[in-house]
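Encoded as C-alpha cells, the structure appears first; notes follow it.
The values are calculated or read from the model by the stated rules, or taken from the named source; none is laboratory data. Since we're looking at a predicted model, the values are computed, not measured. Cβ: placed from backbone, ideal geometry, glycine included. Neighbour counts: every protein chain shown.
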Amino acid sequence: METSVDWDQSMILDEIKTMREQYNQQVAKEEPSPKFQWEFACTLACSPRYADVIEAVELLEELVEVGFRRVDCLHHLILANLKIGQYAKAKDNADVWLHLEPDNGVARMMYSVVVERASHDGWIAWCGFALLATGLIAAWLRRK
C-alpha cells in the first residue's frame with residue numbers, strides 16, 4: 001500500500017504563524033507555557049526559513065537552561081544547530097546529552113553525526129583553503 005503526500009511548505013509556515021500568535025499572546029500576558037514554547041520551538045525548527053530555525057535554537061536554549069524536558073530539548077537543539085551549520089554548538093549540546101545519558105544509543109548516534117558532519121565540512125574548508133593558497137603562490141611565482 002503506497003501513499004504519497006506532497007509536502008507543501010506553506011502548511012508549516014501557516015502552522016508557525018498560528019503558533020506564533022498564540023505564543024506572543026502568552027508572552028504578553030507574562031504566562032508563557034514551557035510546554036507550548038517547546039512545541040513552538042520544535043515547529044520552528046522544521047521551518048525552511050533560516051530565521052525561524054535561529055529562533056527555535058534560542059527558545060530551546062532557554063528551555064534547556066530552566067531544565068524543561070532537557071533531553072528532548074537537547075535532541076531538537078542538536079538537530080536545529082546542524083540544520084543551520086552551527087556544528088560547535090551542536091557538539092556542545094551532544095556532549096551535554098551524553099553526559100546526562102551515557103548509555104543512550106540515540107545520544108551516541110547524534111554525537112557521531114555531529115562529529116562526522118563537522119569533520120566533513122571542515123575537510124571541505126581545508127581543501128578550499130589549500131586550493132586558494134596554491135593559487136596565490138602560483139600567482140606570486142609568475143610575477144617574479
| Checking residue 59 against (1) modelled with pLDDT of 95 or more; (2) not in a helix (DSSP H, G or I), which test does it fail? | (2)
| said: If the requirement is being touching a helix residue (DSSP H, G or I) at 6+ places or on another chain (Cβ under 6 Å), under 26 Å from residue 115 (Cβ atoms) and in a helix (DSSP H, G or I), which of these qualifies: 71, 64? | reply: 64
| message | Quick test for you: out of 53, 114, 27, pick the one residue that is part of a helix (DSSP H, G or I), touching a Lys or Arg at 6+ places or on another chain (Cβ under 7 Å), modelled with pLDDT of 90 or more and of a type in the set (A, V, I, L, M, F, W, C). | response | 53
| said: Is it the case, given these coordinates, that residue 23 is touching a residue at least 24 places away in the same chain (Cβ under 8 Å), of a type in the set (Phe, Trp, Tyr) and either out of contact with any His (no Cβ under 6 Å at 6 or more places or on another chain) or within 28 Å of residue 117 (Cβ to Cβ) (or both)? | reply: no
| Which one of the conditions (1) at pLDDT 90 or above; (2) out of contact with any Leu (no Cβ under 9 Å at 6 or more places or on another chain); (3) surrounded by fewer than 19 Cβ atoms within 10 Å (Cβ to Cβ); (4) part of a helix (DSSP H, G or I) does residue 19 fail to meet, given that it meets all the rest? | (2)
| Hits in the range 78-115 - residues which are within 21 Å of residue 58 (Cα to Cα) and polar (S, T, N, Q) | 81, 86, 93
